[in-house]
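Peer 1: First the structure, then my questions, so here it is.
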Amino acid sequence: MKPLIIAHRGDSINFPENTIEAFESALKKGADGIELDVHLDQNGNVIVVHDYSFDINKKYPFLKDVLEQFGQKGRLEIEIKSLNLKCIKEVKKLVGKYKPKDYEITTSILPLLPYIKKEFPNTKIGLIHASKLIESWMPKKFIEELLIAYLKLTGANVLHLQLEHYTPEIVNLLHKNKFLAHTHLKKENILENYKNAVKLGIDQCTFDDINLIKLI
């Protein structure tokens with residue numbers, strides 16, 4: 001089974017990242033879903049923007065608009081960037097209102113994961129940048145046990161790991177524990193890396209350049 005292909009911040013090659021236009025273009029080009037980043041603005045609205053130090057005077061898309069326009073068109077991978085716990089609650093309200101058919105809540109901020117799990121007990125929850133947990137001194141078996149432990153302890157159920165750190169054993173262990181395997185594919189060597197992801201049995205991939213989907 002081929003992995004889902006998710007456009008990282010939409011079609012960010014041809015449009016500004018994290019915009020309605022970028023998301024629309026990515027889905028039209030064949031992406032199975034879109035990845036987006038969210039923060040709270042100064043008025044408490046959930047906005048779609050990547051950087052922590054975003055310009056408060058600039059206009060950004062609202063998450064509610066993304067949910068309304070794309071919530072029934074494919075996977076939405078919503079990455080929470082805000083350190084404010086209110087952001088999680090506001091995302092929950094919006095998801096409850098617009099009811100996207102397939103979504104995942106992700107974050108690279110490990111302490112947020114249990115709070116996300118509390119608000120989204122039956123949802124796909126992604127632990128991002130898991131490769132940062134791996135150090136050169138670690139034996140292979142320890143790495144496998146460590147990754148599973150982090151998922152269980154944080155409440156996450158989707159592991160986001162760089163392709164070079166995946167092994168057949170890790171993927172099999174994830175699936176045995178009913179977890180999903182995710183990796184991020186950059187533009188370089190996309191075809192070779194995608195084939196490796198398929199061979200490993202990885203469940204979903206984000207693409208930096210969704211235009212390269214035509215190569216696979």
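Only the coordinates and a few stated rules stand behind these numbers; no lab work does. Owing to the predicted nature of the structure, the values given are computational and were not obtained by experimental measurement. Note that each Cβ is placed from the backbone with ideal geometry, even for glycine, and that neighbours are counted across all protein chains shown.
Peer 1: Looking at the chain, do any whole DSSP H helices span at least 18 angstrom along their long axis by alpha carbon and average 0.5 or above on Kyte-Doolittle, and which?
Peer 2: Flagged H segments are 140-154.
Peer 1: For the chain, state what percent of all Cα-Cα pairs lands in each successive 10 Å bin, counting from 0 Å until the bin that includes the largest distance.
Peer 2: In whole percents, the pair-distance histogram is 8, 35, 37, 18, 2.
Peer 1: Size of the dipole of the chain about the Cα centre, Lys and Arg at +1 and Asp and Glu at -1 on the beta carbon, nothing else charged, in debye to 20?
Peer 2: 720
Peer 1: Hey, another quick one. Of the candidates Pro114, Pro139, Pro100, which one comes out as most mobile in a Gaussian network treatment of the chain with C-alpha springs shorter than 10 Å?
Peer 2: Ranking Pro114, Pro139, Pro100 by mean-square fluctuation puts Pro139 first.
Peer 1: Now a separate question. Which Cα, out of Leu191, Leu127, Leu153, lies furthest along the positive dipole direction of the chain (beta carbon charges, K/R +1, D/E -1)?
Peer 2: My answer, from the dipole projection, is Leu153.
Peer 1: Given the rule -39500 (n - 2.57) for each run of at least 4 DSSP H residues, summed and divided by the residues of the chain, what is its mean residue ellipticity at 222 nm, to the nearest 500 deg cm²/dmol? Can you show the working numbers first?
Peer 2: Values: 7 runs with 73 residues, N = 216.
Here the helix-only value at 222 nm equals -10000 deg cm²/dmol.
Peer 1: If you take every residue apart from Asn14 with its C-beta less than 14 Å away from the C-beta of Asn14, what net charge results, scoring Lys and Arg +1 and Asp and Glu -1?
Peer 2: -1
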